[in-house]
Amino acid sequence: MKRSWALLGLTLTVCALVCAQDPGRVVVPARNTSHPRVLNAASTHGSITVKTYNGKEVIVETSGSSREDRRRTDQSVDGLHRIDLPSRGLVVEEEDNVITVRATTPGPESLVISVPADTSLHLRSTHGNVEADGVHGEVEATSTNGRVTLSNISGTVVAASTNGSVKVTMDRVDAGKPMSFSSVNGSIDVTLPADTKANLKLRAVHGSVWSDFDMKLTGGQPTTTNAGGDTRYRVEFDRTIYGAINGGGPEFSFNTVNGRLIIRKK
């Protein structure tokens, strides 16, 4: 009997926590602060914005076209009355300090997530922009049809967009760790601390490269292919150049097909 009451009490407690959450705002409590959090966030039809604050919880908020706005645009069907579905689709999970957020709303809806500064990010959007500001950790941000903007980042960055620009401002880089910045249809604009040590791999197929760093350039390196035994040998030079800043270090890769590469000194 005591065990049954204990289980019932636990069930009521969990239900109270879940039911108390606003459909457009979910607060993930800090259950373990002994090591930094990791945030995995994905959205198909909306943007993702991550900002830092002084609290310990992770706060997930959604914004987008409301159910009332969509209702006014719908036409009636043969005099039938409409049965409304929930206006938002959102999944938030936490396990061992890893928070997973998925926006499942079929229409455009954005995620705004507030995190402690020492949070690593894995952000992915299909049809939306990805933005983060003030994070100290490992940041991986990708968008298929949108721009990627990362500001005041300390740590490491992997940023990529298929149809959009990539703009990153670094306050500090982790020594000895590689980074990557790429876009197919968009420019790449990256600002690094003036004392950054790195080997740079720069490729702009249909664009130019600009920088105020003093670079020691080594020129393009050919790719050689020996196909068909001894009958054919091929050497190919592409629009890739290599350089070093402040004596060299880990590889930083910059790659765009249609756009400019801009590497600034902070």
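The values are calculated or read from the model by the stated rules, or taken from the named source; none is laboratory data. All figures in this text were calculated on a predicted structure; none of them were measured in a lab. These area figures cover heavy atoms from the full protein model, side chains too; ligands, DNA and RNA do not enter into them. Shrake-Rupley method; radii C 1.70, N 1.55, O 1.52, S 1.80 Å.
Note on Thr104: accessible area is roughly 80 Å² with a 1.4 Å probe, heavy atoms of protein only. Between amide H atoms placed 1.01 Å from N, distances below 5 Å from Val135 occur with Ser154, all of them 5 or more places distant or on a separate chain. For Tyr53, the accessible area of its heavy atoms, probed at 1.4 Å with every protein chain present, is near 70 square angstrom. Once you reduce the range 197-218 and the range 147-189 to the center of their Cα atoms, the two points are 15 Å from each other. Cross-linked pairs Lys56/Lys177; Lys56/Lys266; Lys216/Lys265; Lys167/Lys201; Lys167/Lys266: Cα-Cα separations exceed 22 Å for Lys56/Lys177; Lys56/Lys266.
Shown are Arg239, Arg102, whose ranking by accessible area with a 1.4 Å probe and every protein chain present, most to least, is Arg239, Arg102. Maximal additional length on extending the Arg264-Asp118 stretch stands at 50.1 nm, based on 0.36 nm per residue less the C-alpha distance. A cut-off of 5 Å between modelled amide H atoms, ignoring neighbours fewer than 5 places along the same chain, links Leu121 with Leu39, Glu138, Val139, Glu140.
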